[in-house]
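The values are calculated or read from the model by the stated rules, or taken from the named source; none is laboratory data. Everything numeric here is computed off the predicted structure, so don't read it as measured data. For neighbour counting, all protein chains shown are included, and Cβ atoms are generated from backbone atoms with ideal geometry for every residue, glycine included.
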Amino acid sequence: METLRSEKHLVDQAYDVILDALCDGTLKSGERITQEDIAARLNVSRQPVTHALAVLKSQGFLISSGRRGLTVAPVEMKFFAEIYQMRSVLEPLAVRLGCSRLSTSAIVKGRSIVEHGRNMMIAGDARASLQADVDFHSFIYELSGNALIGESLKLHWKHLRRAMGEVLRYPGMSISVWQEHGRIIEAMARGDGDAAADMMCKHIVSAAERIGFEANPAPGIEAESGEPGRIRKPSDRS
């Protein structure tokens, strides 16, 4: 983990750096950590680390271990499966909405994010690759024009980053992720919203499956043709 700078509040800095370490796998599930060890690694006093660890514990990233120690919480399969199920509905919808708002500059931006992510993956920079993954999906949310999509997912965004980090941690998985991102952007650039939404749903479900989650799309969320990401009208349901 990197040492801290003085220009930002030390508690906030400590929180951000430790969270990054949890998400990119520097601090692994089940690993025991102490205030003293983290403070030494960050080259700060124990006080800001104590506060940062308390916040991370309250958010479910850490659990108590012994009298004074903490352990990195395991990935809770049910919780993450529910997040991915929600994503499998909202993100295809964001893609459909975004297709109608896609400008030339947006296409360039989307392709640039994908290219950067691929380069970071090839370079073996897990933290930068994770950030690029976050940037890609945030780009899709913003492009949709529906603020509720991004807001709904950002309620769990910190935990979502950890799940994304699990996927990107393995070379074979991370290669597939960026190939899928590229295909989604190209389908959107062609104006094929149905294909892009279908790709996004499959991307979310397959990402969940790679790390052992079951994230089938929520019941009733599909197109008349069986495509994911579109809500059927009540009259269409049996």
Next on the checklist: If V134 meets every condition in (1) within 17 Å of D20 (Cβ to Cβ); (2) in contact (Cβ under 8 Å) with a residue 60 or more places away in the chain apart from one, which number is that one?
Outcome noted: (2)
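Identify all residues within region 52-97 that are more than 15 Å from I204 (Cβ to Cβ), assigned to a helix (DSSP H, G or I) and in contact (Cβ under 8 Å) with a residue 40 or more places away in the chain; write none if there are none.
Step one: filter region 52-97 for residues more than 15 Å from I204 (Cβ to Cβ), giving 52-79, 97.
Narrowing the set further to residues that are assigned to a helix (DSSP H, G or I) leaves 52-58, 77-79, 97.
Answer for region 52-97, where residues must be more than 15 Å from I204 (Cβ to Cβ), assigned to a helix (DSSP H, G or I) and in contact (Cβ under 8 Å) with a residue 40 or more places away in the chain: A52, V55, L56, M77, F79, L97.
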Checklist outcome for this item: Counting only residues in region 72-102 that are among the polar types (S, T, N, Q) and buried (at least 17 other Cβ atoms within 10 Å of the Cβ), the one nearest to Y141 (Cα to Cα) is identified as S88
Next on the checklist: Going by what's in this entry, would S29 be described as exposed (fewer than 14 other Cβ atoms within 10 Å of the Cβ), part of a strand (DSSP E or B) and more than 16 Å from the chain's Cα centre (by Cα)?
Outcome noted: no
Checklist entry - Which pairs have Cβ atoms under 7 Å, sit 6 or more apart or on different chains, and link a residue in region 98-110 that is touching a residue at least 12 places away in the same chain (Cβ under 8 Å) to one that is part of a loop (DSSP other than H, G, I, E, B)? => result C99/G191; R101/G145
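Which residue, of G25, G66, G30, G60, is at positive phi, outside the structural domain of H181 (by TED's automatic domain parsing) and touching a Pro at 6+ places or on another chain (Cβ under 9 Å)?
Checking each option against the conditions leaves just G30.
Please tell me if L53 is modelled with pLDDT of 90 or more, hydrophobic (A, V, I, L, M, F, W, C) and outside the structural domain of S176 (by TED's automatic domain parsing).
Values: modelled with pLDDT of 90 or more: yes; hydrophobic (A, V, I, L, M, F, W, C): yes; outside the structural domain of S176 (by TED's automatic domain parsing): yes.
Yes, satisfied.
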